[in-house]
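The block underneath contains the structure these notes are about, expressed in structure tokens.
The values are calculated or read from the model by the stated rules, or taken from the named source; none is laboratory data. These numbers come from a predicted model, not from an experiment. Cβ: placed from backbone, ideal geometry, glycine included. Neighbour counts: every protein chain shown. The protein model used for the area step is the full one, side chains on, heavy atoms only, and it has no ligands, DNA or RNA in it. Shrake-Rupley method; radii C 1.70, N 1.55, O 1.52, S 1.80 Å.
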Amino acid sequence: MGDSATLTSVLETQASLVQEAALALPHQFSQCTYPLGPIRQAVYLCITCTPPNSTTTPARGICAACSIACHTDHEQLELFPKRAFRCDCPTHGLAHACALHTTEEPVNESNEYGRNFRAIFCRCGREYHAEQERETMIQCVACEDWFHESCLNLRERPSSREPTPSPAAEADPEGLVDDGASDASSSGLPPPLVRANEYDALVCSDCVRKVDALRKVAGTPGALMVVRSSEVEPWRVIGAIDKENAQVDIEGKDAQRDTSGQKGEEPSAGAKRERDSATDAEPSAKRARLSPDVDSAPCLAPAQDPRVEALLVALDRGADELAVKEDGDSSEGSERYLGAGDVFLTEGWRDRWCQCKSCLPSLQARPYLLDEEETYEPPEDPDSGLSLEELGMRALNCLPRERAIDGIMAFNAMRDDLMQHLRPFAERGTEVTEADIRGFFDARIQELQSRRRAQ
């Protein structure tokens, strides 16, 4: 706001600030999450209390409530959701006392502190600076680390790490801005190879190679990978689903064959399939019964390109690239896949897992791959979005009657003094500046201080 403003503009600015505050902080931050135990929640790194480069102070994390109530004036870095994490603020691990949970607690032994707690993100290990980072970073659903788009081979790495342009410069040329879209938030850069609306979750290469069920489907329909056959070729995406011709064999059977033993045409959606005469001729007692028993269920993982499997094997051995023939043999000059090994899972990926005895254990060991997990959010703030007048009236109603009357009388006295201070401006028709208003309140403060000293 400048030195002067109209009353209307002041009120509009105030209303806008209240609305922005309600959107930014819609929750109550009056309770530390420590009593809730290890939960998936937004975690913050207090750089003031635990410097990332310190060799003497172990890494620690704090909950959203403590980041606001206890560490307001500290430098912080948001790490976003971390699973099975318990707030460290009220523990012996942090010297700064917790203002919300006053009982000092033992150090959380179950918390895991990855490289994010040292302010290091992505496999490249570059330090993160929010003011200078141009690229969008994407979180792995498994390890919950963050990765640059260029490190995922979605785009070329920017030549410089210039400060992020203003929001006006980030506008989508078509006017279609998606807050979660990586191509919209990587300002000044071309769209990534895989756009945010084309996949639902990222699993980084390290995590892909640890999960048997995921490793089997990497590069198959619904599990996108970014690869290329040589260093001179552009990156391309494999694993896109052909939505027009996609079919799912939910029973794990081979496609129906006609009486000549050749593959027949599949019936269209909703059409009845002709009964197989060979099946009808077989006595019902001899027919195999479908059982939910995992031990007898066939593996329904789709066939994987041998070049993808060879790429993952090469990454296991620490190789950056490997030449692989289509039949799986590797030799110099043969067709091959190069890549980082990351997988982008498309919508509905949790419903497509194979449940056989080979795949299911690796999924059950990581429940978040089977069912979407809850992320804790603080309770809603009932005062969020209320104006200063409404908040003042609510506070006034909570006071004892005598104190409320004293407060009203003091407010009326200040109002009368302010009107008397502004009357000369109205009589002269001159503009009231910010300095004039500040002068009035400064005089009131000095008057109150003088009264207290006199007492």
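Quick check on residue 406: is it of a type in the set (Asp, Glu), part of a helix (DSSP H, G or I), open to solvent by 50 Å² or more (accessible area, probe 1.4 Å) and at pLDDT 85 or above?
Answer is no for this residue.
List pairs: first in segment 35-47 and on the phi < 0 side of the Ramachandran plot, second β-branched (Val, Ile, Thr) and open to solvent by less than 40 Å² (accessible area, probe 1.4 Å), Cβ under 9 Å, 6+ apart or cross-chain?
Every condition considered, the pairs that remain are 39/33; 41/33; 43/62; 44/62; 45/62; 46/62.
Cβ-Cβ under 9 Å, sequence separation 6+ or interchain: first residue in segment 112-139 and without any contact (Cβ under 8 Å) to a residue 24 or more places away in the chain and over 13 Å from residue 78 (Cα atoms), partner basic (Lys, Arg) and open to solvent by 40 Å² or more (accessible area, probe 1.4 Å). Which pairs?
125/115; 126/161
For segment 57-105: of the residues being β-branched (Val, Ile, Thr) and within 24 Å of residue 129 (Cβ to Cβ), which is most open to solvent (accessible area, probe 1.4 Å)?
Here the answer is 72.
Has segment 158-165 got any residue that is polar (S, T, N, Q), touching a residue at least 24 places away in the same chain (Cβ under 8 Å) and surrounded by 15 or more Cβ atoms within 10 Å (Cβ to Cβ)?
So far as segment 158-165 goes, yes, one or more of its residues are polar (S, T, N, Q), touching a residue at least 24 places away in the same chain (Cβ under 8 Å) and surrounded by 15 or more Cβ atoms within 10 Å (Cβ to Cβ).
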